[in-house]
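J.: This structure is in structure tokens; I'll ask about it shortly.
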Amino acid sequence: MNALRYIIFIPIILLIVSLLYALPPLSLFALMKLSKFWLIILLVFFGSLTTALFALLPGGIAWLAAKISPSNSFAFYSIVIISALLGIIQIYSYWADPNLTSNDLGILVNVLLSCLTIGFAASISFGAGIE
């Protein structure tokens, strides 16, 4: 039964972390499509809430995912390894896309997405290390 928990834990963590890494590009592209008025309103009234959400959500989810693991050290190492690998793949996909690297705005978006991805990886790793 314990081996089954180890086998089931890896796909669950892979799904959770990959969904977390899908968040930054979607949110950044959604913010870029807003008009300047709504972007200012959103940042003024909900800026700190959004920042706290992006800082605490991955760590909190990793902490909750570590609770279902059969072993704390297994949860930590598996979450950190999966997070690092998916982060590297995500950053490589940002910079390998010719549509985003063809102009200056695309390079800025790549830098922003790379920084967000590194921040998410750090938050996920710290969240897994809390347990």
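J.: Give just the number: which of (1) touching a Pro at 6+ places or on another chain (Cβ under 6 Å); (2) open to solvent by 60 Å² or more (accessible area, probe 1.4 Å) does T51 not satisfy?
T.: If we test T51 against (1) touching a Pro at 6+ places or on another chain (Cβ under 6 Å); (2) open to solvent by 60 Å² or more (accessible area, probe 1.4 Å), just (1) comes out false.
J.: Additional query: Read through the list (1) without any contact (Cβ under 8 Å) to a residue 12 or more places away in the chain; (2) in a helix (DSSP H, G or I), then give the number of the only condition that N99 fails.
T.: It fails just one condition, (2).
J.: I12 - would you say it is touching a helix residue (DSSP H, G or I) at 6+ places or on another chain (Cβ under 8 Å), of a type in the set (A, V, I, L, M) and over 22 Å from I118 (Cβ atoms)?
T.: yes
Listed here are the residues, each with its yes/no results for (1) assigned to a helix (DSSP H, G or I); (2) closer than 30 Å to Y6 by Cβ; (3) in contact with a Leu (Cβ under 8 Å, 6 or more places away or on another chain).
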{"position": "M32", "(1), (2), (3)": "yes, no, no"}
{"position": "L42", "(1), (2), (3)": "yes, no, yes"}
{"position": "T51", "(1), (2), (3)": "yes, no, no"}
{"position": "I79", "(1), (2), (3)": "yes, yes, no"}
{"position": "I89", "(1), (2), (3)": "yes, yes, no"}
{"position": "W95", "(1), (2), (3)": "yes, no, no"}
{"position": "G106", "(1), (2), (3)": "yes, no, yes"}
{"position": "L112", "(1), (2), (3)": "yes, no, yes"}
{"position": "S125", "(1), (2), (3)": "yes, yes, no"}
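J.: Under 6 Å by Cβ, and 6 or more places apart or on different chains, what pairs join a residue from the range 33-58 that is closer than 28 Å to F126 by Cβ with one that is open to solvent by 60 Å² or more (accessible area, probe 1.4 Å)?
T.: From residues that are closer than 28 Å to F126 by Cβ, there are no pairs.
J.: Among the residues of the range 53-68, are any out of contact with any helix residue (DSSP H, G or I) (no Cβ under 8 Å at 6 or more places or on another chain), of a type in the set (G, A, S) and not in a loop (DSSP other than H, G, I, E, B)?
T.: no
J.: Need pairs with beta-carbon distance below 7 Å; first residue under 16 Å from A65 (Cβ atoms) and within the range 111-124, second open to solvent by 20 Å² or more (accessible area, probe 1.4 Å) and of a type in the set (G, A, S); sequence gap 6+ or separate chains.
T.: A121/A84; S123/A55
J.: Please enumerate the residues belonging to the range 13-30 that are open to solvent by 60 Å² or more (accessible area, probe 1.4 Å) and over 14 Å from the mean Cα position of the chain (by Cα).
T.: Residue satisfying the conditions is F29 alone.
The values are calculated or read from the model by the stated rules, or taken from the named source; none is laboratory data. If you're wondering where the values come from, they're calculated on a predicted model, not measured in any experiment. All Cβ positions, glycine included, derive from the backbone under ideal geometry; neighbour counts span all protein chains shown. Protein only, heavy atoms only, side chains kept; ligands, DNA and RNA dropped before computing areas. Shrake-Rupley method; radii C 1.70, N 1.55, O 1.52, S 1.80 Å.
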